[in-house]
Amino acid sequence: MHIGKGIQLDLQGEGDVWIRCQSDHSVFVQSYYLDREAGRSPGDAVHKIYPLAYTKVFDLRQCYHQMQQQAATANAAAAAQAAAVAGHLPGPQSVGGIAPAISLSAAAGIGVDDLRRLCILRLSFVKGWGPDYNRKSIKDTPCWIEVHLHRALQLLDEVLHSIPVDTARRPIHIAD
């Protein structure tokens, strides 16, 4: 088996990406846009694109909103953790509804790499990978590519630079 004519990626508008499978064999895509469309958790699935199919695999507007939401949630969780360490225990409503400590910890654990994954498409030719396949990693497939979407990465940079830095933090004084 071989990839034949491969794929064609089309950029529409300011940053939406569509894929056309020009091969006689399917391609497999990791796409947060397709995860959302399928009602799956982000990064949860690998989507099969059949020969001759033309499918939207990335939506810039959706990606931007997801970046903003995750960055704001992580920032709020980090602020709540800092307040807890300082001895100020905020109520569940003060962190945008993040009440349980485990959710707070998970939200605070969102990093730049997690947000960068929103800006990347991973594709394998002919062979699939992931929880529904024998190959657990894309690196186990014979032929794969990773597409970094530069406009999305530019927007991520803007989102990260727009996060307010808490300049009002004061040193913690411990009374004897």
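Counting neighbouring Cβ atoms within 10 Å and putting the fewest first, the residues Asp157, Asp114 line up as Asp157, Asp114.
In order along segment 2-15, phi translates into HN-Hα couplings of 8, 7, x, 7, x, 10, 10, 9, 10, 9, 10, x, 8, x Hz, rounded to whole numbers, per the Karplus curve 6.51 cos²θ - 1.76 cosθ + 1.60 with θ = phi - 60° and x for Gly and Pro. In straight-distance terms, cross-link reach from Lys48 covers every one of the lysines whose alpha-carbon lies under 16 Å from its own, apart from those fewer than eight places away in the same chain; here that gives Lys56, Lys127, Lys136.
Counting neighbouring beta carbons within 10 Å and listing from fewest to most, the residues Trp18, Trp144 come out as Trp18, Trp144. Here the extension length gained between Asp10 and Asp113 equals 34.5 nm, from 0.36 nm per residue of separation less the Cα-Cα distance. Each residue of segment 127-136 is assigned a 3J(HN,Hα), and the resulting list reads 10, x, 8, x, x, 8, 10, 5, 7, 7 Hz, derived from the Karplus form 6.51 cos²θ - 1.76 cosθ + 1.60 (θ = phi - 60°), x at Gly and Pro. Here segment 1-79 is treated as an ellipsoid with the same Cα gyration tensor; its semi-axes, largest first and in whole Å, are 30, 14, 9. Across all C-alpha atoms in segment 25-69, the radius of gyration and Dmax reach 11.3, 37 Å.
Assuming R0 = 25 Å, can you tell me the calculated FRET efficiency for the pair Tyr133 and Glu37, based on Cβ-Cβ distance, to the nearest 0.05? With R0 = 25 Å, the Cβ-Cβ based efficiency is 0.80. As a rough footprinting exposure proxy, the listed residues Ile120, Ile19 were ranked by other beta carbons within 10 Å of their own, and the order from fewest upward is Ile120, Ile19. The Cα-based radius of gyration of segment 7-162, divided by its Kirkwood radius, gives an Rg/Rh of 1.06.
All of the numbers you see were taken from the coordinates with simple rules; none came from a lab. Computed from a prediction, not measured in an experiment: that's the story for all the values here. Every residue, glycine as well, gets a Cβ built from its backbone with ideal geometry; the counts of neighbours run over all protein chains shown.
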